[in-house]
Amino acid sequence: MKITVPAKPYPAEIDLTETAVVIIDMQKDFILPGGFGESLGNDVALLGAAVPPCEELLALARANNLLVIHTREGHRGDLSDVFPAKLERCKPSCKIGDPGPMGRILIRGEDGHDFVDSLKPLANEVVIEKPGKGAFYSTELDLILRRHHIKNLLVAGVTTEVCVSSTIREANDRGYNCVVVDECCGSYFPEFHRVALEMVAAQGGIFGFVCQLTDLTAAINKD
Ligand code: TIU
């Protein structure tokens with residue numbers, strides 16, 4: 001089913017049968033106090049605003065049988081997949097692997113590494129465990145998308161200028177058509193959110209499209 005979504009820099013025409021929803025890193029470690037995001041000195045409350053729109057997007061995707069991909073940033077318990085630069089840089093108050101109120105920071109299997117309660121995947125949805133910022137780096141994401149003949153990505157998650165932007169750029173170079181859903185993304189820096197999305201849509205859509213959730217919902221529910 002082809003739909004036309006009002007978007008920047010111009011309406012995005014996408015075939016829903018070739019479209020996946022990719023929700024980036026909606027993990028407690030970034031969104032709740034006591035996790036990785038807070039250890040970097042951020043006010044994590046700023047990301048909470050993206051949760052209800054992501055819930056809506058997830059419901060929309062499930063109602064329309066779209067492929068849903070959830071990604072999680074995190075590492076092995078022995079830290080064998082973390083480069084020293086990532087461990088040391090940012091001078092965090094707690095390092096990756098240190099104990100925190102939600103378990104060891106950014107370690108797979110710990111509570112903080114898991115998704116926030118309202119955005120947990122269903123059994124039939126894909127979870128991509130990623131060691132980097134971009135969701136294609138060192139993961140099976142490209143393989144899974146190609147296996148499902150996906151050409152378009154509806155992109156959501158946190159943070160807009162870090163993992164969301166890295167993923168969009170990686171996706172763009174691999175030939176995917178990204179439509180970023182504005183309210184479904186969030187940043188510790190509202191200005192960075194705005195500018196990161198402007199960068200996506202600038203120059204005629206150099207990295208993709210940016211749409212509003214209400215417009216996407218209306219376009220999908222039109223038929
Ligand atoms: N620090 C920050 O803004 N983000 C990250 O470290 N990871 C993600 O964006 N997921």
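So here's what we get for this one:
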quantity	calculated
Computed over region 68-169: relative contact order in percent, which uses C-alpha pairs under 8 Å that are six or more apart	27 percent
Within the chain, helix-based [θ] at 222 nm, where runs of 4 or more DSSP H residues each add -39,500 (n - 2.57), nearest 500	-8000 deg cm²/dmol
Around residue 174: net Lys/Arg minus Asp/Glu count, Cβ-Cβ under 11 Å	0
Semi-axes of the equivalent ellipsoid for region 37-181, Cα gyration tensor, largest first, Å	26, 18, 15
Residue among 121, 190, 203 farthest towards the positive dipole end of the chain, charges placed on Cβ	203
Normalised contact order of region 169-221, rounded percent, pairs of Cα under 8 Å and 6 or more residues apart	40 percent
Cα lying deepest toward the dipole's positive end in region 1-62, options 53, 4, 36, charges on Cβ	4
Region 123-200, dipole about Cα centre (Lys/Arg Cβ +1, Asp/Glu Cβ -1), debye to the nearest 20	280 debye
Cα-based Lys pair tally, region 83-161, threshold under 18 Å, eight or more apart or on separate chains	7
Charged-residue dipole, Cβ positions (Lys, Arg, Asp, Glu), region 60-103 about Cα centre, Debye nearest 20	140 debye
Cβ charges +1 (Lys, Arg) and -1 (Asp, Glu), total dipole of the chain, debye	380 debye
In region 130-209, GluC sites (Glu not before Pro) in a DSSP loop with at most 14 other beta-carbon atoms within 10 Å	140
10 Å Cβ shell holding at most 13 others, DSSP loop, trypsin sites (Lys or Arg not before Pro): longest site-free stretch of the chain	1-88
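Each reported figure results from applying straightforward, stated rules to the coordinates on display, with no laboratory input. The model shown is predicted, which means the values in this text are computed figures rather than measured ones. Neighbour counts are summed over all protein chains in view; Cβ atoms, including those assigned to glycine, are modelled from backbone coordinates with ideal geometry.
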